[in-house]
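Everything on this sheet refers to the single structure shown next.
The values are calculated or read from the model by the stated rules, or taken from the named source; none is laboratory data. Note that the structure is predicted; figures quoted are calculated from it, not measured. Neighbour counts are summed over all protein chains in view; Cβ atoms, including those assigned to glycine, are modelled from backbone coordinates with ideal geometry. Protein only, heavy atoms only, side chains kept; ligands, DNA and RNA dropped before computing areas. Shrake-Rupley method; radii C 1.70, N 1.55, O 1.52, S 1.80 Å.
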Amino acid sequence: MEEDRESRVSAKPSGDRVDRLRNLPDCLLFKILLNLPTKDVVKLSVLSRRWRNVWRYVPGLDLECGDFMVREYYDSSEFNALLGFVYRFLGFNSESCLQKFKLTVNWYDDVQLETVHFTEWFNAVVKRKVQHLHILDKTWGRDEVVIPPTVFTCGSLISLNLYDVYLPNREFVSLPSLKVIVLDAVVFDEDFAFEMLVSGCPVLESLSVNKINLNDISESVQVSSQSLLSFSYVADDDDYLEVVIDAPRLHYLKLNDKRTASFIMKNHGSLLKADIDFVFNLGSEYMFDPNYLPTRHIIRDFLVGLSGVKDMIISSSTLQVIYDYSRCEQLPLFRNVSFLRVEFADYRWEMLPIFLERWPNLKSLVLGFSIPPGEEGANILLGPRRFLTSLEYVKIAKPMAAEASEIKLKLVSYFLENSTILKKLTLCLRNFREKEESVIVKKLLTIPRLSPSCQVFVL
């Protein structure tokens, strides 16, 4: 068998064709094929005798159940073909280790799959010491894919990516090699099943949580990890949970949440990067009540937790809440922030001077706009309270409507006239016609620049 495999892989090309893969060692060839969907690897079998069974030796499977749907209506032979293919793959060379097993469950809308087979497959790949397990259920609740107990004690697993599957409660979780977890629309049996999963991963470095379903009675999401470096949390619109994270080595935090009541960070001294879209459960209107002390305390503690970051992305809705908060309490100084990106959903630029004062060492600023500003923004930048002494680079990233050119120029003027060491300002005008762009460029040349070395670029 081994001699036959070697003869296939090293077969010489016929005619004058140049086979650039002929001299590649097997391990490198299989590593290349590992990055392709399995259906594409199988297609190579028709090229020559050399490729006929190469797909069997690739140490991974990347398969969509829908790849076996060839008719407009359900035929049981298609599902049987899927079963036969996967069982043959897992049974062949079964003593070898698998690097990757990725299964996307998608099938006919009116057909319920026999998911018991999936459980057998998961158990088989665990026995083969799988390193990367990705399970995506795209049947929208029609078929419940359940992750079996064996996965929770898989010592070889390095990354786990789950979409819309069901995780039952486990009394014991031991994943000593797991470094990356991605949970998207995952349903947990009980709230502490999530906590048990995280606590059972002693070397976990990256955790991404997107709209998970704990249960109807859960009141909090608890993340406690001594090894976690990156945490991304996107909440469901119906969540009112408290999020508590205790991760002393955390470097990166992404928080996208319009409904969570509070976000508590413990041991936040290592945090370097933050991407924040969070409104402290103030509702769709973001109405801040300065007399409600609990919310003020939550905002204060949250800002203190962010005060050590170097790179920050923040939404205008979050900025709005913090701006309202600043009217009753002084904001902390963000001395370490050197890069800031603000995504504006409106034209409330009057917030900028207030915040720029609290970033005394800011070097790079990027402003994005999801909607064009209106005339209300024409007179909002009345000047900073003090000069911008650290800012070196400004980019107005997203294009705005041509009719807002005068407002755009006021924003540009604000930075050019008040930044002492500004080196570069970039203005995006991709939605403008050539004539309109020419008019704006001429006006740009007339704006005085406090920094003599500043260059303005128009894209």
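The test for being modelled with pLDDT under 85, under 17 Å from F188 (Cβ atoms) and not in a loop (DSSP other than H, G, I, E, B) holds for V221.
Output yes when any residue across the range 259-272 is open to solvent by less than 30 Å² (accessible area, probe 1.4 Å) and either assigned to a helix (DSSP H, G or I) or among the small types (G, A, S) (or both), and no when none is. There is at least one residue in the range 259-272 that is open to solvent by less than 30 Å² (accessible area, probe 1.4 Å) and either assigned to a helix (DSSP H, G or I) or among the small types (G, A, S) (or both).
Condition check ((1) touching a residue at least 12 places away in the same chain (Cβ under 8 Å); (2) under 22 Å from K211 (Cα atoms); (3) surrounded by fewer than 16 Cβ atoms within 10 Å (Cβ to Cβ)) across all residues:
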| residue | (1), (2), (3) |
| --- | --- |
| E144 | yes, yes, yes |
| F152 | yes, yes, no |
| S156 | yes, no, no |
| N169 | yes, yes, yes |
| D184 | yes, yes, no |
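In the range 231-258, the qualifying residues are those that are of a type in the set (F, W, Y) and open to solvent by 30 Å² or more (accessible area, probe 1.4 Å), and the one that is nearest to F194 (Cα to Cα) is Y240. For Y347, the stated conditions do not hold, so it cannot be described as of a type in the set (F, W, Y), over 22 Å from D311 (Cα atoms), buried (at least 18 other Cβ atoms within 10 Å of the Cβ) and modelled with pLDDT of 85 or more. Restricting the range 381-398 to residues that are among the charged types (D, E, K, R) and modelled with pLDDT under 70, the residue that is least open to solvent (accessible area, probe 1.4 Å) is K398.
Matching residues to (1) part of a helix (DSSP H, G or I); (2) of a type in the set (D, E, K, R); (3) at pLDDT 90 or above; (4) open to solvent by 40 Å² or more (accessible area, probe 1.4 Å):
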site	(1), (2), (3), (4)
V366	no, no, yes, no
P373	no, no, no, no
M400	no, no, no, no
L411	yes, no, no, no
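Taking the criterion of being modelled with pLDDT of 90 or more, out of contact with any helix residue (DSSP H, G or I) (no Cβ under 6 Å at 6 or more places or on another chain) and open to solvent by 40 Å² or more (accessible area, probe 1.4 Å), would at least one residue in the range 111-126 satisfy it? Looking for residues that are modelled with pLDDT of 90 or more, out of contact with any helix residue (DSSP H, G or I) (no Cβ under 6 Å at 6 or more places or on another chain) and open to solvent by 40 Å² or more (accessible area, probe 1.4 Å), one finds at least one in the range 111-126, hence yes. For beta carbons closer than 8 Å, sequence separation of 6+ or different chains, a first residue in the range 42-54 that is under 16 Å from F85 (Cβ atoms) and a second that is modelled with pLDDT under 75 and part of a loop (DSSP other than H, G, I, E, B), the qualifying pairs are S45/R52.
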